[in-house]
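This report refers to the structure that appears directly beneath it.
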Amino acid sequence: MTSQPETQSAPARTYEVRTYGCQMNVHDSERISGLLDGAGYVRLDPAADPGRTPDVVVFNTCAVRENADNRLYGNLGHLRPVKDKHPGMQIAVGGCLAQKDQGEIVKKAPWVDVVFGTHNIGSLPVLLERARHNEQAQVELLESLEVFPSTLPTRRESTYSGWVSISVGCNNTCTFCIVPSLRGKEKDRRPGDVLAEVEALVAEGVLEVTLLGQNVNTYGVEFGDRLAFGKLLRATGQLRDKGLERVRFTSPHPAAFTDDVIEAMAETDNVCHSLHMPLQSGSDAVLKAMKRSYRSDRYLSIIEKVRAAMPDAAITTDIIVGFPGETEADFEQTLRVVRESRFSSAFTFQYSIRPGTPAATMDDQVPKAVVQERYERLVATLEEITWAENKKLVGREVEVLVAVGEGRKDQATGRMSGRARDGRLVHFAVSPEQVPLVRPGDIVHAVVDYAAPHHLNCDGALVSHRRTRAGDAYEAGRVARTAGVMLGLPTIGKPPTQPTPTASACAAG
């Protein structure tokens, strides 16, 4: 590391954030970008400046997958020669893997400048500046959350859809999961703070908000209101007239899922009839070994109630194959629940040992070949079901929020893509005259004429196209931001112009 004196005229240092893992990590990366923007850094735009090396690369890591460690250290190894050729370049590692490995990261990769954890994202600008000044790696991790991350400034990745954390951490003890030890016990935001952030996003033109938590329907446990999540969903409905058209949430836990949430979903106009309900296994014996505090009958009863209240609901799930001790009979029970649930899609995983979890040391680890064979059967069963469910929509009109990057073949096929209200991926045709008019963030209506297991196609003429403020923002190249409390963090380069003071979101509620 080489310390370089700063001057008022020094060019702004550039940064790049590389994100691995879940939606929580994606949203944390938005906060990291907001912090670095606020501290005077400028995000590098590869399209505008191809081939340029960023001054700071931040890895926001995941510790859930088996190859998470190998992926991180492999990428760090690739960056070492790049850093050697660019004096002053810094590398920072944060997220769940950083919280787990801590100081081991700089032992294995001594060219890393900063290691920070899940509980102190807000310290990143300070740690980067300290590492430059001291010419020494900075490793700082906290064992518990001191500041709720949503009090930090956030640079949103989308003009039309935003993440809003309602809680962080988890009070469950699932034996396969390392998240509670890395994210800590559940901490809930006050409802007024959540709604203030949602309203701020809507004021920026955002049409769709996803409420985030490890277990969203245990929201309220900290302030003693077990019905708080349903009330929060209903409260978002009051923002419909201000422009909030879609509300989603992820992920609930079957054990804590209550009827009032189903009623709120069904009765609140802007809450989407889309539910991600992790199953993990259909075997009661495996669920018990996982310490999942529900059984298959309880799970299926939730699905039945949801469909009774919302016949058009699209239900998705997570399933783990090959958990220690899983027998063929156990796996057949999973297939039974899958067939009865009629999922619209599923995230499927082959169990892998995660050091630090109780399941890692359990007896009867299932042979890899057996896991693979069961996994292939599960995927085949799911594809048969999802295709059949999607075919039911052929001939129906769907509302689509136009999105960026959803369709990998859009340019070749002359289509654009987005998500229906129920979360399904939709590819729709646009005429040459419509291409410059239909923008990400706009709303279109189209008729489904083809269904595949994982998407719908609408190749006829659009029924309608509505331009939106989100589309205007996308066209203008504006970035949605929500303010936070900078907590005296240092900046680099020329100090930014101070904005006119506004009411803090923390004052709400």
Fewest-first ordering of ASP188, ASP318, ASP241, ASP330 by Cβ atoms within 10 Å yields ASP241, ASP318, ASP330, ASP188
Karplus ³J(HN,Hα) for segment 368-374 (6.51 cos²θ - 1.76 cosθ + 1.60, θ = phi - 60°; Hz, whole; x = Gly/Pro) runs 4, 4, 5, 4, 4, 5, 5
Residue separation between LEU142 and ARG71 times 0.36 nm, minus their alpha-carbon distance, gives in nm 23.1 nm
The relative contact order of segment 228-325, taking Cα pairs under 8 Å that sit 6 or more residues apart, comes to a percentage of 30
quick note, the chain, DSSP beta bridge pairs, % antiparallel (nearest 5) is 35
Taking R0 as 56 Å and r as the Cβ-Cβ distance between VAL394 and ARG52, the FRET efficiency 1/(1 + (r/R0)^6), rounded to the nearest 0.05, comes to 0.75
Projected area averaged over all directions for the convex hull of the alpha carbon atoms of segment 292-350, nm², comes out at 4.3
Relative to the compact-globule estimate 2.2 N^0.38 Å (N residues), the Cα gyration radius of segment 149-391 stands at a ratio of 1.05
Cα extents of the chain along the principal axes, largest first, in whole Å, come to 65, 61, 49
Computed, not fitted: 222 nm per-residue ellipticity of the chain from DSSP H runs ≥ 4 (each -39500 (n - 2.57)), nearest 500, equal to -9500 deg cm²/dmol
log10 I(q)/I(0) for segment 14-143, Debye formula on C-alpha points only (no solvent), q = 0.14, 0.17 Å⁻¹, two decimals, reads -0.56, -0.85
Once phi for every residue in segment 201-211 is put through the Karplus expression 6.51 cos²θ - 1.76 cosθ + 1.60 (θ = phi - 60°), the whole-Hz ³J(HN,Hα) values, with Gly and Pro written as x, are 5, 4, 4, 7, x, 5, 9, 10, 10, 10, 7
Here the averaged projected area of segment 397-476, based on the convex hull of its alpha-carbon atoms and given in nm², is 4.9
Restricting to Cα pairs under 8 Å and 6 or more apart, the percent relative contact order of the chain works out to 15
Close lysine pairs (segment 149-391; alpha-carbon distance under 26 Å; 8 or more apart or on separate chains) counted at 13
Taking a label point 7 Å from the Cα of GLU267 along Cα-to-Cβ, the residues of segment 280-311 whose backbone nitrogen sits under 16 Å from it are 306, 309-310
Per the rule of 0.36 nm per residue minus the C-alpha distance, extending LEU227 to ASP318 adds in nm 30.3 nm
Filtered hits (aspartates and glutamates, Cα-Cα < 19 Å from LYS85, offset >= 8 within chain) -> GLU16, ASP49, ASP55, ASP113, GLU135
Exposure-ranked with fewest Cβ neighbours within 10 Å first, TRP387, TRP163 stand as TRP387, TRP163
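Please report THR413, THR250 as a ranked list, fewest other C-beta atoms within 10 angstrom at the top and most at the bottom. Before the final figure, lay out each step's value.
Numbers: THR413 14, THR250 20.
Ascending number of Cβ neighbours within 10 Å: THR413, THR250.
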Residues meeting the amide H criterion for LYS291 (H placed from the backbone, H to H distance under 5 Å, 5 or more places apart or on another chain) are THR175
The long-range amide H neighbours of VAL115, using H built 1.01 Å from N in the peptide plane and a cut-off of under 5 Å, are VAL93, GLN138, VAL139, GLU140
Working note, segment 311-408: Cα radius of gyration (Å, one decimal) and Dmax (Å, whole number) are 16.8, 52
Note: LYS409 to SER464 extended length (0.36 nm per residue) minus current alpha-carbon separation gives 17.5 nm
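Each reported figure results from applying straightforward, stated rules to the coordinates on display, with no laboratory input. Bear in mind that the values here come from a model prediction, so they are computed numbers and not experimental data. Cβ sites come from the backbone with ideal geometry, for glycine too, and all protein chains shown count toward neighbours.
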